[in-house]
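The structure appears right after this line, and notes come after that.
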Amino acid sequence: MHSLGLEYHDVVAGDEFDSSGFPGAASASYKLSERDFAAHLDAIAATGVPVSRVDRMASVDSHTTPVFLTFDDGGVGALRQTAPLLEARAWVGHFFVVSDRIGTAGFLDAGGIRELHRHGHLVGSHSCSHPLRFSGLTMREMVREWRDSRAMLEDILHAEVTTASVPGGYYRTPAAEAAAEAGYRTLFTSEPMTRVRLVCECLVLGRYSIRRGDAPALASALVVGHGAARGRQWAIWNAKKVLKAAGGNVYLAVRDVIFERAHRHAH
Ligand SMILES: [Zn+2]
């Protein structure tokens with residue numbers, strides 16, 4: 001079984017990148033303006049490939065590759081910008097919320113989360129505290145992150161929450177084992193792969209990350225699997241993995257240095 005997940009973050013008005021989600025230059029590099037995001041949706045629509053909701057995958061036969069649009073962090077842009085653009089096409093998104101941030105500056109409150117759910121979008125967990133090295137936590141800590149965030153979202157939604165996405169990009173199998181133990185049935189990672197795996201009755205789905213400045217044509221190429229788009233992300237991912245294996249802190253430090261430098265140059 002295969003699936004194609006695109007991993008977006010916040011969509012914001014103009015260039016107000018700190019208005020939604022986590023502030024700062026590193027986070028902003030994952031956020032798109034409303035205009036750029038609309039262009040991505042146009043490009044995806046032009047492929048003619050249907051956009052699906054993961055908990056309705058049973059209706060998809062195993063010879064197709066369902067496409068999922070996912071949005072991490074639960075910033076206020078989800079309701080202001082992202083959802084209206086999806087709904088204009090009758091598409092649904094998967095929104096993953098950091099439960100400790102609910103109702104804080106730049107993040108959705110309980111009412112906003114309920115509204116997304118009411119509009120037919122899938123709301124899932126993106127952990128409680130958004131650890132950047134989630135897979136570096138102990139099993140007990142991972143289960144707590146998944147279980148407490150799930151309980152909080154179910155309290156808000158009065159509905160079952162069985163889907164999550166791993167924060168921070170760094171994934172190892174125990175993160176899915178912990179998710180399964182906490183009652184999740186589907187876990188999105190940030191590994192750029194289409195092959196769906198099963199870990200303790202939890203489906204594990206990869207995602208291809210979209211960043212600010214990525215062309216709309218990249219989104220459509222990833223969706224249809226044309227050219228080298230998927231392979232290129234896979235190669236970059238594996239190069240980064242070497243750094244991550246050497247110590248996630250090294251990876252995070254290098255990443256921060258790169259973004260700070262890029263930020264300085266922009267001013
Ligand atoms: Zn995140």
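Scan region 153-182 residue by residue and report those that are in a helix (DSSP H, G or I), more than 16 Å from the ligand (Cβ to nearest atom), over 13 Å from GLY124 (Cα atoms) and of a type outside the set (Asp, Glu).
Within region 153-182, THR173, PRO174, ALA176, ALA178, ALA180 qualify.
Per-residue answers, yes or no, for (1) among the polar types (S, T, N, Q); (2) under 16 Å from GLY5 (Cβ atoms); (3) without any contact (Cβ under 8 Å) to a residue 24 or more places away in the chain:
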site: HIS121; (1), (2), (3): no, yes, no
site: SER129; (1), (2), (3): yes, no, no
site: ALA164; (1), (2), (3): no, yes, no
site: ARG172; (1), (2), (3): no, no, no
site: GLY183; (1), (2), (3): no, no, no
site: ARG197; (1), (2), (3): no, yes, yes
site: ARG211; (1), (2), (3): no, yes, no
site: VAL223; (1), (2), (3): no, yes, no
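Residues that are farther than 19 Å from ARG53 by Cβ, at pLDDT 95 or above, open to solvent by less than 30 Å² (accessible area, probe 1.4 Å) and not β-branched (Val, Ile, Thr) within region 135-166 comprise MET142, GLU145, TRP146, SER149, listed in sequence order.
Taken together, PRO84, PRO50 contain a single residue that is surrounded by fewer than 17 Cβ atoms within 10 Å (Cβ to Cβ) and under 21 Å from GLU16 (Cα atoms), which is PRO84. GLY106 satisfies every condition listed in (1) free of Cβ contacts under 8 Å to residues at least 60 places away in the same chain; (2) within 14 Å of the ligand (Cβ to nearest atom) except (1).
Among the residues of region 12-21, is any open to solvent by 20 Å² or more (accessible area, probe 1.4 Å), at pLDDT below 95 and part of a strand (DSSP E or B)?
The answer is no, given that none of the residues of region 12-21 is open to solvent by 20 Å² or more (accessible area, probe 1.4 Å), at pLDDT below 95 and part of a strand (DSSP E or B).
The lone criterion from (1) under 22 Å from MET152 (Cβ atoms); (2) part of a loop (DSSP other than H, G, I, E, B) left unmet by ARG89 is number (1).
The residue of region 1-16 that is nearest to the chain's Cα centre (by Cα), among those that are more than 15 Å from the ligand (Cβ to nearest atom) and in contact (Cβ under 8 Å) with a residue 60 or more places away in the chain, is LEU4. Scanning region 168-177 for residues that are open to solvent by less than 20 Å² (accessible area, probe 1.4 Å) and either aliphatic (A, V, I, L, M) or modelled with pLDDT of 95 or more (or both) gives ALA175, ALA176.
Which of the residues that make up region 93-103 are under 12 Å from ASP73 (Cβ atoms) and open to solvent by 30 Å² or more (accessible area, probe 1.4 Å)?
Once the filter is applied, which keeps residues that are under 12 Å from ASP73 (Cβ atoms) and open to solvent by 30 Å² or more (accessible area, probe 1.4 Å), region 93-103 yields ASP100, ARG101, ILE102.
Taking HIS117 as the residue in question, decide whether it is in a helix (DSSP H, G or I) and either touching a residue at least 12 places away in the same chain (Cβ under 8 Å) or of a type outside the set (A, V, I, L, M, F, W, C) (or both). When the stated conditions are applied, HIS117 passes them. Note on region 22-31: residues that are part of a loop (DSSP other than H, G, I, E, B) and either open to solvent by less than 20 Å² (accessible area, probe 1.4 Å) or in contact with a Gly (Cβ under 6 Å, 6 or more places away or on another chain) (or both) amount to 2. Kindly evaluate SER149 against the criterion of being part of a helix (DSSP H, G or I), in contact with a helix residue (DSSP H, G or I) (Cβ under 6 Å, 6 or more places away or on another chain), within 15 Å of the ligand (Cβ to nearest atom) and over 28 Å from LEU79 (Cβ atoms). When the stated conditions are applied, SER149 does not pass them. For the criterion of being aliphatic (A, V, I, L, M), in contact with a Cys (Cβ under 7 Å, 6 or more places away or on another chain) and open to solvent by 10 Å² or more (accessible area, probe 1.4 Å), ALA180 passes.
Within region 75-103, being more than 16 Å from the ligand (Cβ to nearest atom) and closer than 20 Å to THR163 by Cα holds for LEU79, ALA83, LEU86, TRP91, VAL92.
The values are calculated or read from the model by the stated rules, or taken from the named source; none is laboratory data. Nothing here was measured: the structure is a model prediction, and the numbers come from that model. Neighbour counts are summed over all protein chains in view; Cβ atoms, including those assigned to glycine, are modelled from backbone coordinates with ideal geometry. The accessibility values were calculated without ligands, DNA or RNA, using every heavy atom of the protein model including side chains. Shrake-Rupley method; radii C 1.70, N 1.55, O 1.52, S 1.80 Å.
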